[in-house]
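The values are calculated or read from the model by the stated rules, or taken from the named source; none is laboratory data. Predicted model only: the values in this text are computed from it and were never measured. Note that each Cβ is placed from the backbone with ideal geometry, even for glycine, and that neighbours are counted across all protein chains shown.
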Amino acid sequence: MTAAEQTRQRPPARRGMYVLPSLFTAGNIAIGYYIIMQAIRGSGLGDPLNQVYFDHAAVGIVAAILFDGLDGRIARMTNTASEFGRELDSLADVITFGVAPSLLAYLWGVRQIQTGEYPIVHDRLLHFGVVVCFLFLICGACRLARFNITTNPKPRNPGRPDRKYFVGMPIPAGAGVLAAVIHFENGSPVYSQWLAMVWLALVAFTGFLMVSNWRFWSGKEIDMGTRQPMRLLVIILVVLAVMYEWHRYALMVMGLGYLMSGVLARVAYSWQRRFARA
């Protein structure tokens, strides 16, 4: 019996239960607002506590990713999925994983750079940073819109037929990449013009991956209701222990590793087609 058939056979949930997944979505929006406020507090030039605020904002993005995964799963478990919940979840993702990370990316990676010997380059870089961070927001919104209207998307580089993939990097993962880098630096903002250029290149490339047709691992084949829960429980405990002890390095590896997985999958598919034609 498939998951869809099991969902149809479940009795309808009580009217009050429909509020439960929306509460998690509201919590996601609250975290997005918290991220914006922390980024604004850290934008003060010369403030010795600005790196603390930036680091709090980065950790907030990671917490929002966890909340974003809970609301949909709870809605399916309680059979309370609705059109209102899906629309509210999309709006929450635009705020928490679009507006908040784009603002944080600019205030952390561009706004704090020093003038140096080339004031003209400094001014141009500030304006260019606004454009790049805004493009990240637009790419994330387009990624959400495409996800909402597409029923069975097919990536340009299809993978194994027994697995499900995302077409383009999901917007929570894109925001997670930026948060992982900021948290790895302990929230210390970018002051060098050259590092700001590298940062903007990463922001722009992440935005491109979100609107691309490349495949990314979805993790939907992981069965939380497996008959061997001990193995899954051990894996979860190991991941939590690693995250607790080496959270800065673990988030960095997970964020950039997920980004590179889509790139490597696309490159490998191109090589296979080239060799097949040869």
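A few remarks follow.
- Out of L251, L259, one residue alone is at pLDDT 85 or above, surrounded by 11 or more Cβ atoms within 10 Å (Cβ to Cβ), in contact with a His (Cβ under 9 Å, 6 or more places away or on another chain) and part of a helix (DSSP H, G or I). It is L251.
- Candidate set: the stretch 207-236, residues that are basic (K, R) and assigned to a loop (DSSP other than H, G, I, E, B); chosen: the one modelled with the lowest pLDDT: R227
Residues are listed down the side, and each one gets a yes or a no for (1) assigned to a strand (DSSP E or B); (2) closer than 30 Å to W271 by Cα; (3) small (G, A, S):
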position	(1), (2), (3)
W108	no, no, no
Q114	no, no, no
L125	no, no, no
V130	no, no, no
G140	no, yes, yes
P153	no, yes, no
R160	no, yes, no
V177	no, yes, no
A204	no, yes, yes
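- Tally of residues being modelled with pLDDT of 90 or more and out of contact with any Ser or Thr (no Cβ under 6 Å at 6 or more places or on another chain) across the stretch 32-67: 23
- Looking only at the stretch 228-278, and only at residues there that are without any contact (Cβ under 8 Å) to a residue 12 or more places away in the chain and of a type in the set (D, E, K, R), the one that is nearest to V203 (Cα to Cα): E245
- Pair list, Cβ < 6 Å and 6+ apart or interchain, from the stretch 68-96 residues that are farther than 17 Å from R146 by Cβ and in contact (Cβ under 8 Å) with a residue 60 or more places away in the chain to residues that are of a type in the set (F, W, Y) and surrounded by fewer than 19 Cβ atoms within 10 Å (Cβ to Cβ): T80/Y18
- Matching residues, the stretch 68-87, being out of contact with any Pro (no Cβ under 7 Å at 6 or more places or on another chain) and closer than 24 Å to A39 by Cα: G69
Condition check ((1) in contact (Cβ under 8 Å) with a residue 12 or more places away in the chain; (2) under 16 Å from the mean Cα position of the chain (by Cα)) across all residues:
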site: V131; (1), (2): no, no
site: L137; (1), (2): yes, yes
site: K164; (1), (2): yes, no
site: A179; (1), (2): yes, yes
